[in-house]
Amino acid sequence: MDPLITAIMPARGRPELAAAAVECWRRQTWPNTELVIVDDGDMPAFPVPLPFEGLRVQYRRLPKRLTIGAKRNLACEMAAGEFIMHQDSDDWSAPGRVADQFERLVASGLSMTGYHTMLFTDGQRWWRYDGPKFKGGMGAFGTSFFYRRDWWEHGHRFQDGPKNRLDCEDNPFCQESMRLNQFVAAPAGEMMFAQIHKDNTSPKCTSGSRWKPCSPPSCWPLL
């Protein structure tokens, strides 16, 4: 039987984007997946009654705001899968993303993978962005992480805070796997792209030298 892969989604508002992210998970070609959503927005990211009937979804509505690191740790605790992937509530994944990353990770024999180059869009313009770059080489975007659950469970949890830097959890997590030679990465190609909007946890400055204007992917606008 194909191993269970859990997609984890920290959510806070942005209901239209969150609904599209759930649809990305639902359309995955991998036959054995579940989705865990941890929502701490002032208003829920999904309507009531919840639109998950018949789907393998766990939804946790939190009474107060947490850092993204704390939300990711909670989602990992709830996960039943042997492997965990990040499906952020404002980004898009192709139907073959789970299979692509699973195959890469298993072939490597390592604990973590991710995409180091990705397309970004503000809904009209497109860029290709290379990064993040660390002392040990090129890492991966947090939204693209895919790892073994037991890697997270045995001493590699996400950092919680500080609250004024909510995006601080992904870089240390990736750097630790690189330091221990447990990391393999690849360009996303058209497997995944990220969306630029006013509520990005990590603000995007597309005038930087690593942002290269590019054409939309072949799947656009048929997403």
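The values are calculated or read from the model by the stated rules, or taken from the named source; none is laboratory data. Worth saying up front: this structure is predicted, and the values here are computed from it rather than measured. Because the Cβ atoms are built from the backbone with ideal geometry, glycine has one as well, and the counts that use them run over all protein chains shown.
Looking at Glu103, is it farther than 24 Å from Ala186 by Cα and charged (D, E, K, R)?
Details: farther than 24 Å from Ala186 by Cα: no; charged (D, E, K, R): yes.
Against the criterion (farther than 24 Å from Ala186 by Cα and charged (D, E, K, R)), Glu103 does not qualify.
For region 92-107, the criterion of being under 24 Å from Met43 (Cβ atoms) and crowded, with 20+ Cβ neighbours inside 10 Å is met by at least one residue. Taking the conditions (1) surrounded by 14 or more Cβ atoms within 10 Å (Cβ to Cβ); (2) within 16 Å of the chain's Cα centre (by Cα) in turn, Arg56 satisfies each one other than (2). Per the conditions (1) out of contact with any strand residue (DSSP E or B) (no Cβ under 9 Å at 6 or more places or on another chain); (2) modelled with pLDDT under 95; (3) of a type in the set (A, V, I, L, M, F, W, C); (4) closer than 21 Å to Trp152 by Cα, the sole criterion not satisfied by Val48 is (4).
Output the number of the condition that Ala99 fails; it satisfies all remaining conditions of (1) touching a strand residue (DSSP E or B) at 6+ places or on another chain (Cβ under 8 Å); (2) under 24 Å from Leu35 (Cα atoms). Tallying (1) touching a strand residue (DSSP E or B) at 6+ places or on another chain (Cβ under 8 Å); (2) under 24 Å from Leu35 (Cα atoms), Ala99 fails exactly one: (1).
Restricting Thr33, Thr113, Thr29 to residues that are at pLDDT 90 or above, more than 27 Å from Lys133 (Cβ to Cβ) and buried (at least 16 other Cβ atoms within 10 Å of the Cβ) narrows the list to Thr33. Within the set Pro44, Pro63, Pro3, Pro10, the sole residue that is loosely packed, with under 15 Cβ neighbours inside 10 Å and farther than 18 Å from Trp151 by Cβ turns out to be Pro63. Might you check whether a residue that is of a type in the set (Asp, Glu), modelled with pLDDT under 90 and buried (at least 20 other Cβ atoms within 10 Å of the Cβ) occurs anywhere in region 72-90? Checked region 72-90: at least one residue is of a type in the set (Asp, Glu), modelled with pLDDT under 90 and buried (at least 20 other Cβ atoms within 10 Å of the Cβ). Filtered by the rule that a residue be under 16 Å from Gln195 (Cα atoms) and either modelled with pLDDT under 85 or of a type in the set (Ser, Thr, Tyr) (or both), region 131-169 gives Gly131, Thr143, Ser144, Asp167. Cβ-Cβ contacts under 7 Å between residues 6 or more apart (or on different chains), taken from a first residue in region 60-89 that is in contact (Cβ under 8 Å) with a residue 12 or more places away in the chain to a second residue that is among the polar types (S, T, N, Q) and outside any helix (DSSP H, G or I), are listed as Ile68/Thr201; Gly69/Gln159; Met78/Gln58; Ala79/Thr6; Ala80/Thr6; Gly81/Thr6; Ile84/Thr6; Gln87/Ser93. Taken over region 24-53, the criterion of being within 16 Å of the chain's Cα centre (by Cα) and either of a type in the set (Gly, Ala, Ser) or not in a loop (DSSP other than H, G, I, E, B) (or both) is satisfied by Cys24, Trp25, Arg26, Thr33, Glu34, Leu35, Val36, Ile37, Val38, Asp39.
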